[in-house]
Amino acid sequence: MDEFVLRMEHIGKTFPGTKALDDVSIELRRGEVLALVGENGAGKSTLMNVLGGTESPDNGRIFIDGAEMGSYGTTGARDAGIGFVHQELSSCLHMTVAENIFMGRLHLYKTALGFTDYARINGEAKEYLTMFSSKVRPVQKMRELKIADQQVVEIIKSISINCKILIFDEPTSSLTEKEVEYLFDIINRLKSQDIGIIYISHRMEEVFRLSDRIAVLRDGKLVETLKTSGTDANGVVSRMVGRSISEFYPPKSRAFGPDILEVEGLSSRNLFQNVSFKLKKGEILGFSGLVGAGRTEVASGLCGLLEADRRSIKLNGRRIVIRNYSDAIKQGIVYLTEDRKALGLFLKLQVKKNITSTNLKGVTNGFFISNEAEIRTAAEYAEKLNIKLSTVEQKVDSLSGGNQQKIMVAKWLYTAPKIFILDEPTRGIDVGAKSEIHNMLRELCDAGTGIIIISSELTEIVGMCDRVIVMCENRVMGEVTGGDIAEETIMKLATAV
Ligand SMILES: Nc1ncnc2c1ncn2[C@@H]1O[C@H](COP(=O)(O)OP(=O)(O)OP(=O)(O)O)[C@@H](O)[C@H]1O
Ligand SMILES: [Mg+2]
């Protein structure tokens, strides 16, 4: 038998305008975790889409257990034992949890009369969910679930096909710490069952905790495959970007101006009560807490995306009325959502349309939208944020995940907001681009924009914020400022129920 459960040899893939993969070869042993790392747009997801049968390669060969695979699609991949937890959640939102888990296999679960045997699929789904300590019920519709719960369902779906190879494309970006630990337990269990695992992540900490080897991609080429025990984060990052990167955060504010935003008694029926806070000029305010603590709800309530009592909101000392989100935007309060797929981007539209959609006045001459102005504006932001694309006339869904995230940031920046609320702004963004975004936020703040950051990444909160409000179970647990802002202090508040 082949020593490797998987060999991918000399894989090449070109999209119009981009060579996404150039002669890439990787191999995977049974019971091994191979981490796949690289900057946004390096080709990680494309390589895995080729393996998972959603993209066909232009050249190269794939061997599973030593046997060469002909050309195949997603069904072929599943039959060959390849499971895939995708970067962008791909569930059918109108179907139930159990239906999603057993999707594509529902015909195997029939009653004697030929109907789908719901009792059985719900029962089996329940067992998996219990295994994950999940409170989700098999009969719930996917659309009712939070992103984190949808993610768990996707993981279960892959595990339930009895795969030989399991691919995780940034699985932890929307999981709570507890869920991450649970996932790691599961991965270790799968490892001991001789399943080969490919794990894509931008978080070095996870890569080093989990992997046996690390394959580094840069610009579609394999730079090197390293033994994890023989290298460190610096070694990996410098190979990823071809230079070394400082992980420093920009210096914090020393002087604050007057209050630019004053929120008092913000409440939303059964979601949260009586949340009050102020934001000063020159200050970055953080909302911390575990995933699900209610931070997104408070931000949505403030911006009119959620029904809430907004009677007392002042912007630059003046009371403002926000009936809905477009009122908020008119006032200069914008919200960068954590859910870019459902709420944030028009995936089927061009990059230039996405970036300029929020401020059409900026690209209109007379009555008409000027194509030239659209292109110029979009290109300017693509350069500023280092967005990897071949042309601004590309559709957004042809960009890599991290680059889509940057388009969202660009789109709201273009409105020149007074208050910019960012929910998980650097999720899925590589280390280099992350510090670019951080520097930019600090510059905006210094120039007078009020910045509020919601983040589950404690290092980001601690590194960026001048003041932090900590939430737990829809309540504000406390506030930390200045020198008191430390991971430990925040964690204590975030977990004190
Ligand atoms: N359908 C497509 N059409 C055109 N270009 C594409 C398409 N899919 C991917 N690309 C391009 O191929 C390159 C590699 O993208 P890929 O999604 O593999 O990157 P990635 O390493 O997964 O990045 P990230 O960390 O941001 O998820 C990018 O430049 C991307 O824009
Ligand atoms: Mg990707």
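The values are calculated or read from the model by the stated rules, or taken from the named source; none is laboratory data. The structure displayed is predicted, hence computed values, not measured ones. Note: ideal-geometry Cβ built from the backbone for every residue, glycine included; neighbour counts use all protein chains shown.
Just a few scattered comments:
- Residues of the stretch 310-355 satisfying the condition of being among the hydrophobic types (A, V, I, L, M, F, W, C) and farther than 27 Å from Gln394 by Cβ: Ile313, Leu315, Ile320, Val321, Ile322, Ala328, Ile333
- Boolean, Ala299 is under 29 Å from Glu179 (Cβ atoms) and either in contact (Cβ under 8 Å) with a residue 60 or more places away in the chain or among the charged types (D, E, K, R) (or both): yes
- Among the residues of the stretch 223-244, those identified as within 19 Å of Gly402 (Cβ to Cβ) and surrounded by 16 or more Cβ atoms within 10 Å (Cβ to Cβ) are Val223, Val236, Val237, Arg239, Met240, Val241.
- Any hit, the stretch 157-170, residues being within 16 Å of ligand 2 (Cβ to nearest atom) and under 19 Å from Met95 (Cα atoms): no
- Index of the failed condition, Gln151 passing every other in (1) touching a Pro at 6+ places or on another chain (Cβ under 9 Å); (2) modelled with pLDDT of 85 or more; (3) of a type in the set (S, T, N, Q): (2)
- Matching residues in the stretch 160-186 - criterion: being surrounded by 21 or more Cβ atoms within 10 Å (Cβ to Cβ) and farther than 25 Å from Gly43 by Cβ: Glu179
- Restricted to strands (runs of 3 or more DSSP E) entirely inside the stretch 1-70, those with at least 2 residues that are of a type in the set (Asp, Glu) and within 16 Å of ligand 1 (Cβ to nearest atom) are 18-29.
- Taking the stretch 270-343 and the strands (runs of 3 or more DSSP E) fully enclosed by it, no element has 1 or more residues that are at pLDDT below 90 and closer than 23 Å to Ala486 by Cα.
- Test: residue in the stretch 401-416 that is within 16 Å of ligand 2 (Cβ to nearest atom), surrounded by fewer than 22 Cβ atoms within 10 Å (Cβ to Cβ) and not hydrophobic (A, V, I, L, M, F, W, C): no
- Scanning the stretch 464-497 for residues that are surrounded by fewer than 18 Cβ atoms within 10 Å (Cβ to Cβ) and within 25 Å of Asp446 (Cα to Cα) gives Glu479, Thr481, Gly482, Gly483, Asp484, Ala486, Glu487.
- Annotation note: Cβ proximity below 7 Å between a residue of the stretch 319-333 that is among the polar types (S, T, N, Q) and a residue that is assigned to a loop (DSSP other than H, G, I, E, B) (sequence gap 6+ or interchain) occurs for Asn324/Gly304; Gln331/Ile320; Gln331/Ile322.
- The stretch 394-426, subset assigned to a loop (DSSP other than H, G, I, E, B) and within 11 Å of ligand 1 (Cβ to nearest atom), residue modelled with the highest pLDDT: Gln394
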